[in-house]
Amino acid sequence: MRFNSRSKGQFDEKTVGPNQRGFLFINQAFERILEPGMYKFPRAKDEKVDVYVFSKRSQWMFLDHQGVLTQDNISLRLSYQVQYKVENEEVFREHVNFENHNIFADIDRHIRVVAETLIRNMIAGLKSEVLNEKRMELQDELTANIQEKMQHYGLLIPMVLLTKITFPKKIQELFVQQRELNIRSKIDLEKAHNQVATAKILNEAADLMSHNENVKFLQMLETMNQMATKGNHTFMIGGEYYQTDKKDKKS
């Protein structure tokens, strides 16, 4: 902004505040950059002193509801913020229009045009379904690309924040349906895995039991018990040994 000086006697006082710098012009010719402080300039009819003060602090530009088109031809709107600050005062001065009351006016327009063009081209290369998951990558890439363009204006772009992605209502409904289908598919897949795992465990247990002598003996007893309940049956256990023993006694 252009600084309005105060007159005190034969001097004009001009102030550059904290976190500010000032471009000093005398008779519309650039003299030097002023650091924070108070300055007095002698008053003279043939000498015009102007100081254009600008902030060295980071500033934010808000870009809301920019219309873009994705790779799969889905129209949506993006809202984002661009943080910027003056890094190189000399380079910045070469691009300032000092006829404007706000010396950042032209710079703001340049940032806006660059940001809108870059994000339009970036979104055109992405499918709508991956935008949310690639949000952070998109922010980082956009920050780097805007920085590359705006460094020629003496600006630093520390950060770009993608604040909002707005899809048409019908597309939002399709995303909800797709998410529900994905959840059901995951549940069904988990059930199938559990069933396979259970069947495998049972099969291994059955195989283990079929080779266990104690289990075989218990199964035989169970079979004999079932046969005994159905009628009169005589069971001989160890009969061969008993008969052999009797023959030995007779001889």
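Can you pull out the residues in the range 95-136 that are over 19 Å from Q59 (Cα atoms) and either among the basic types (K, R) or touching a residue at least 60 places away in the same chain (Cβ under 8 Å) (or both)?
Answer for the range 95-136, where residues must be over 19 Å from Q59 (Cα atoms) and either among the basic types (K, R) or touching a residue at least 60 places away in the same chain (Cβ under 8 Å) (or both): F98, R120, K127, L131, K134, R135.
Determine whether Y39 is assigned by TED's automatic domain parsing to the domain that holds L126 and in contact with a strand residue (DSSP E or B) (Cβ under 6 Å, 6 or more places away or on another chain).
Judged against the criteria, Y39 is not a match.
Of the residues D72, D106, which single one is farther than 16 Å from K164 by Cβ and touching a Lys or Arg at 6+ places or on another chain (Cβ under 8 Å)?
D72
This table checks each residue for (1) of a type outside the set (A, V, I, L, M, F, W, C); (2) in contact with a Phe, Trp or Tyr (Cβ under 7 Å, 6 or more places away or on another chain); (3) at pLDDT 95 or above.
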{"site": "N27", "(1), (2), (3)": "yes, no, no"}
{"site": "K40", "(1), (2), (3)": "yes, yes, no"}
{"site": "Y52", "(1), (2), (3)": "yes, yes, no"}
{"site": "V68", "(1), (2), (3)": "no, no, no"}
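How many residues, within the range 59-78, are surrounded by 13 or more Cβ atoms within 10 Å (Cβ to Cβ) and under 22 Å from A105 (Cβ atoms)?
4
When you scan the range 171-181, do you find a residue that is in contact with a strand residue (DSSP E or B) (Cβ under 8 Å, 6 or more places away or on another chain), closer than 19 Å to Q66 by Cα and modelled with pLDDT of 90 or more, even just one?
no
Would you say F23 is in contact with a helix residue (DSSP H, G or I) (Cβ under 9 Å, 6 or more places away or on another chain), part of a strand (DSSP E or B) and not assigned by TED's automatic domain parsing to the domain that holds R109?
yes
Just one of the numbered conditions (1) modelled with pLDDT of 90 or more; (2) farther than 16 Å from T70 by Cα is not true of D106; which one?
(1)
Within the range 79-92, take every residue that is within 15 Å of R109 (Cα to Cα) and among the aromatic types (F, W, Y) and give me the one that is farthest from the chain's Cα centre (by Cα).
Per the criteria, the residue is F92.
Please go through the range 15-40 and pick out each residue that is among the acidic types (D, E) and under 12 Å from R93 (Cβ atoms).
Result: E31, single match.
Does E141 meet the test of being surrounded by 10 or more Cβ atoms within 10 Å (Cβ to Cβ), at pLDDT 85 or above and either at positive phi or among the acidic types (D, E) (or both)?
Yes.
The values are calculated or read from the model by the stated rules, or taken from the named source; none is laboratory data. As the structure is a prediction and not an experimental result, all values here were calculated from the model. Cβ sites come from the backbone with ideal geometry, for glycine too, and all protein chains shown count toward neighbours.
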